[in-house]
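S.K.: Pasting a structure below so you can have a look.
The values are calculated or read from the model by the stated rules, or taken from the named source; none is laboratory data. Bear in mind that the values here come from a model prediction, so they are computed numbers and not experimental data. Counting neighbours? That spans all protein chains shown, and the Cβs are built from the backbone with ideal geometry, glycine included.
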Amino acid sequence: MPTPTPILSDASSPPLGGSRSHKRLTESEGFCGWLFITPALIGFTLFYLVPTIRAFYIGLTNWNLLRAPKFLGLDNYVRLFGDQKFWSSIWVTVLYVLYNIPVQTVFGLLIAVLLKRLTGSVVIRSIMLAPFLISNVIAAMIWFWMLDPVLGFLNFLLQSLGLGSHAFFSDENLALPTIAAINIWRHMGYAALLFYTGLQSIPEHLYEAARIEGASQWKMFTAITLPLLRPTIVFVLVTSVIGSFQIFDTIAVTTQGGPGTATRTIVWYIYQEAFSSMRMGYASAMSTVLFVGLVLVTLVQMRVLRSGESDLG
Amino acid sequence: MKTTTSPLPIGRWLGYAALIVFALISLGPLWIAFKTALTGPNALFASGGSVLPNDTTLFNFQRVLGFIDPSDPRLQQTGLAKITFFRALLNSVIFTAMAVIPQIFFSATAAYAFARLRFPGRDLLFFLFIAATMIPAAVLFIPNFILIHDLGWLNTFQGMAAPYALMTPFAVFFLRQMFIATPKDVEEAARVDGASYFSIFFQMILPIHGPSLATLAILTTVATWNEFFWPFLIGREDSVRVIAVAINAFRTQQQAGVPDWTGLMACTVLGALPMVALLVFFGRKVVESFQFSGMK
């Protein structure tokens, strides 16, 4: 991002006051480095570094916050292995990711190509980004209303098309795909903007050359656009998959894990164990497993998508 | 600069049609929320399938903001919840300001140190900060909740803002990339002239990187304004709860009867309004900030 360099009117302003030794200290590069980093380092230590270690430790205990934690060793992990609810929540989450990510990515790509080829005006890009600026809770609330079985606008629309009205959130087969649809709606425009940025960096002369050779649109898309867009695709997929695995807000507002266990995803289950059942230890053990699982999923994605290699040259 | 002239104009028309459909899908639900908020509570049953509001009124906005006298007979009808949304809007403003402003400042000082100053341990620290972007929120929330609980900061703004106020790994990383991308000749010349690191930071780094700081401010403000999970754990009392937490509470409060949809939609519109306004007034900057958020 090129920025204009302002002319310094006051480059030789007097150094901050103080004694001679203070002055010498603030002149030391090492001291100033540490000084500038200290507030962020405190925040990092308190809210990232220590909690990460603590989460591992809490996972080895039985703790309801009322009494002192009791050390259990690996008992929570042994229990987790045989916990039917845990495995079902993992399955529900994987299913959710599979509903969510492919559609979101394909729609995002399609919108990005349309923006690139037809019009990338700020107005249309703003419209596509709008749902992403609305919070998960508000998005969920709006869809909850539009899909209301009695009064919802979309159910009226479906009825007038002869498709009948549906109780989307209380139908075991529809609840999870519906929640995925809400998040596809909220994220596809943002994904499209990221892809659009990636498309801008593909040299136009490649398309011109291909056109002279008589390549079809589809051929150009698969032979030029997709391979050269790969770094962007990897980034969008990796970050959206990590986010998708941690789906929580939409479920909290709409189904709260139901009907039955149809939308009890892993983070919802962890939350319930921690704050409804007050089992901090067991919940932490599950969150640790989720962490390791996400790292593995990310590594597999990077490997499969060959993120380190370039197709240029 | 669209040089493409498709041999098949029909393809272009189909493309435009698809783009319009996607635009309608994006905006349609927002419009439905808005028209419901404008619908009189008594006209709701008759207007579910209509695209325009029935019995158009600002009554719903007025009542959720507490501008209607409590003895007003219109408030006594059954099905209308007691929604106190004004306080929630105010709480969101306080929470967002407390989380975003110090976060950007302290992330900028850290980013400056990482980008420009040599000090022992720098590279290891930076590696740790980057690694922290990989830690899922689902891992951090239990220990962080316990810390805030032990500090006695549940249901306080400082408890809600604390984890964001000193840094986020993304903010530090983002600003460091921006700082590194500019040449340091001017700063070095200023050093030779006797400027301290403090005056370089305040008089050169901050002004020069105004656009990058604005980009970060937009991304962070939107994310914080929309945050749900953490404020939901820490701040559930009326005095501190933010809009997302309040809207969720109004929804679950009234599961028994028919929800007060016109009131709830007035809340969603008011909650989304600042973000929509941001988009309307600073469209290009906002859009470009989000496009830029994916660059690493």
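S.K.: Kindly list, by first and then second residue, each pair from a residue in region B:191-206 that is within 9 Å of chain A (Cβ to nearest Cβ) and more than 17 Å from A:Ser28 (Cβ to Cβ) to a residue that is of a type in the set (D, E, K, R) and part of a loop (DSSP other than H, G, I, E, B), limited to pairs with Cβ atoms under 8 Å and residues at least 6 apart or on different chains.
M.R.: B:Gln203/A:Asp10
S.K.: Which ranges mark the helices (runs of 4 or more DSSP H) fully within region A:1-72 that have 1 or more residues being within 30 Å of the chain's Cα centre (by Cα) and at pLDDT 95 or above? Spell out the reasoning first.
M.R.: Values: elements: A:20-27, A:29-44, A:50-58.
In region A:1-72, A:29-44, A:50-58 are the helices (runs of 4 or more DSSP H) which contain 1 or more residues that are within 30 Å of the chain's Cα centre (by Cα) and at pLDDT 95 or above.
S.K.: Right, another one. Exactly one condition in (1) aliphatic (A, V, I, L, M); (2) at pLDDT 90 or above; (3) surrounded by 17 or more Cβ atoms within 10 Å (Cβ to Cβ) is not met by A:Leu151; state its number.
M.R.: Unmet condition: (2).
S.K.: Still on this structure: May I ask you to list the residues in region B:102-133 that are touching a residue at least 40 places away in the same chain (Cβ under 8 Å), part of a helix (DSSP H, G or I) and either touching a strand residue (DSSP E or B) at 6+ places or on another chain (Cβ under 8 Å) or not aromatic (Phe, Trp, Tyr) (or both)?
M.R.: Residues satisfying the conditions are B:Pro102, B:Gln103, B:Ile104, B:Ser107, B:Ala108, B:Thr109, B:Ala110, B:Ala111, B:Ala115, B:Arg116, B:Ile130.
S.K.: So, of the residues in region B:171-190 that are more than 8 Å from chain A (Cβ to nearest Cβ) and in contact with a Leu (Cβ under 8 Å, 6 or more places away or on another chain), which turns out to be surrounded by the most Cβ atoms within 10 Å (Cβ to Cβ)?
M.R.: First, the residues of region B:171-190 that are more than 8 Å from chain A (Cβ to nearest Cβ): B:171, B:173-177, B:179-180, B:183-185, B:187-188.
Going one step further and asking which of them are in contact with a Leu (Cβ under 8 Å, 6 or more places away or on another chain), we end up with B:171, B:174-175.
Values: B:Ala171: 23, B:Phe174: 23, B:Leu175: 25.
Per the criteria, the residue is B:Leu175.
S.K.: A follow-up question, please. Could you list, in sequence order, the residues of region B:134-160 that are hydrophobic (A, V, I, L, M, F, W, C), more than 30 Å from A:Leu299 (Cα to Cα) and either part of a loop (DSSP other than H, G, I, E, B) or more than 11 Å from every other protein chain (Cβ to nearest Cβ) (or both)?
M.R.: If the condition is that a residue be hydrophobic (A, V, I, L, M, F, W, C), more than 30 Å from A:Leu299 (Cα to Cα) and either part of a loop (DSSP other than H, G, I, E, B) or more than 11 Å from every other protein chain (Cβ to nearest Cβ) (or both), then B:Leu151, B:Trp153, B:Leu154, B:Phe157, B:Met160 are the ones that fit.
S.K.: Give region B:279-296 a look and list any residue that's within 7 Å of another protein chain (Cβ to nearest Cβ) and farther than 18 Å from A:Phe195 by Cα, or say none.
M.R.: B:Leu279, B:Gly283, listed by residue number.
S.K.: Next question. Of the conditions (1) within 8 Å of chain A (Cβ to nearest Cβ); (2) over 30 Å from A:Gly120 (Cβ atoms); (3) at pLDDT 95 or above; (4) buried (at least 23 other Cβ atoms within 10 Å of the Cβ), B:Leu264 fails just one. Which one is it?
M.R.: It is condition (3) that B:Leu264 fails.
S.K.: Please indicate, with yes or no, whether at least one residue in region B:75-88 is part of a helix (DSSP H, G or I) and farther than 30 Å from B:Leu166 by Cα.
M.R.: Yes, region B:75-88 has at least one match.
S.K.: Those residues that are over 23 Å from the mean Cα position of the chain (by Cα) and within 8 Å of chain A (Cβ to nearest Cβ), I need them from region B:111-133; list them, please. Please lay out each step first, then the result.
M.R.: So in region B:111-133, the residues over 23 Å from the mean Cα position of the chain (by Cα) come out as B:112-128, B:131.
Correct list: B:Tyr112, B:Ala113, B:Phe114, B:Leu117, B:Arg118, B:Phe119, B:Pro120, B:Arg122, B:Leu125, B:Leu128.
S.K.: Considering only region A:136-148, state which residues are within 7 Å of chain B (Cβ to nearest Cβ), out of contact with any Asp or Glu (no Cβ under 7 Å at 6 or more places or on another chain) and touching a residue at least 12 places away in the same chain (Cβ under 8 Å).
M.R.: Of everything in region A:136-148, those that are within 7 Å of chain B (Cβ to nearest Cβ), out of contact with any Asp or Glu (no Cβ under 7 Å at 6 or more places or on another chain) and touching a residue at least 12 places away in the same chain (Cβ under 8 Å) turn out to be A:Met141, A:Trp143.
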